[in-house]
């Protein structure tokens, strides 16, 4: 694992505009194995489009929960969050914010896990999609520790240091590079102890792997399209390092995790 004291804070930086320019700005060595990031706001993933059949969306969300459970998502977040939890006084309720929560599978999983650890938690989970919010409320109804809110994740209405820990899992790749940096800046601002980002590690091999999974092991239409598109919208380790610096994060680690994931953990002193 690499640990960084960010050298970018306070440095002069040119503005970031589009996905193609971002590869050069971030110093990424695009190669056969690392394709350019393919982000087009006019061609969103199916799950982000308006007017999608609710039955199709519900099936896609269920498939995504299975993927997060089986292919390292939950494990990565537990690994990142445990050191942050240990920094919170054992007698204190741990306050967590989950951005772009989707169907709230991470809040539900983390709440059950922290009950097992004997820690009290309060989790606010927000999303700007009304269908996701309704789905998340239904899924979290049996968990009184979880509150679901509809909110724009680019402009979360919380004061500085409102939560011990802020989480974003498989969220940043849905946004342009400037907006992804903006979210990192907001996560850093709202957290007292630290924040966690679980993201996709973009590579051609990873894209091939998820395409094979989606077409051989599932018949879900959203997964078949979005899994491949998501991988090509993801970030590399180097990009995540520079993005964190652009966001003003001073102390952070970025580590590659199994199943083509990146784990970014930002910490406050």
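See the values below:
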quantity: Within region 53-169, strands (runs of 3 or more DSSP E) holding 1 or more residues that are touching a residue at least 40 places away in the same chain (Cβ under 8 Å) and farther than 26 Å from residue 206 by Cβ; calculated: 94-99, 146-150, 163-169
quantity: Helices (runs of 4 or more DSSP H) wholly inside region 203-266 containing at least 1 residues that are without any contact (Cβ under 8 Å) to a residue 24 or more places away in the chain and surrounded by 17 or more Cβ atoms within 10 Å (Cβ to Cβ); calculated: 204-216, 221-233
quantity: Among (1) buried (at least 17 other Cβ atoms within 10 Å of the Cβ); (2) at pLDDT 95 or above, the one test that residue 65 misses; calculated: (2)
quantity: Filter result for residue 185 (out of contact with any strand residue (DSSP E or B) (no Cβ under 6 Å at 6 or more places or on another chain), without any contact (Cβ under 8 Å) to a residue 40 or more places away in the chain and assigned to a helix (DSSP H, G or I)); calculated: no
quantity: Restricting region 120-135 to residues that are touching a strand residue (DSSP E or B) at 6+ places or on another chain (Cβ under 6 Å) and more than 23 Å from residue 182 (Cβ to Cβ), the residue that is surrounded by the most Cβ atoms within 10 Å (Cβ to Cβ); calculated: 121
quantity: Options 152, 160; residue that is out of contact with any strand residue (DSSP E or B) (no Cβ under 7 Å at 6 or more places or on another chain) and under 13 Å from residue 98 (Cα atoms); calculated: 152
quantity: Condition met for residue 108 (modelled with pLDDT of 95 or more, buried (at least 17 other Cβ atoms within 10 Å of the Cβ) and within 17 Å of the chain's Cα centre (by Cα)); calculated: yes
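The values are calculated or read from the model by the stated rules, or taken from the named source; none is laboratory data. Only a predicted model underlies this, so the values are computations on that prediction, with no experimental measurement involved. All Cβ positions, even for glycine, are placed from backbone atoms using ideal geometry, and neighbour counts span all protein chains on display.
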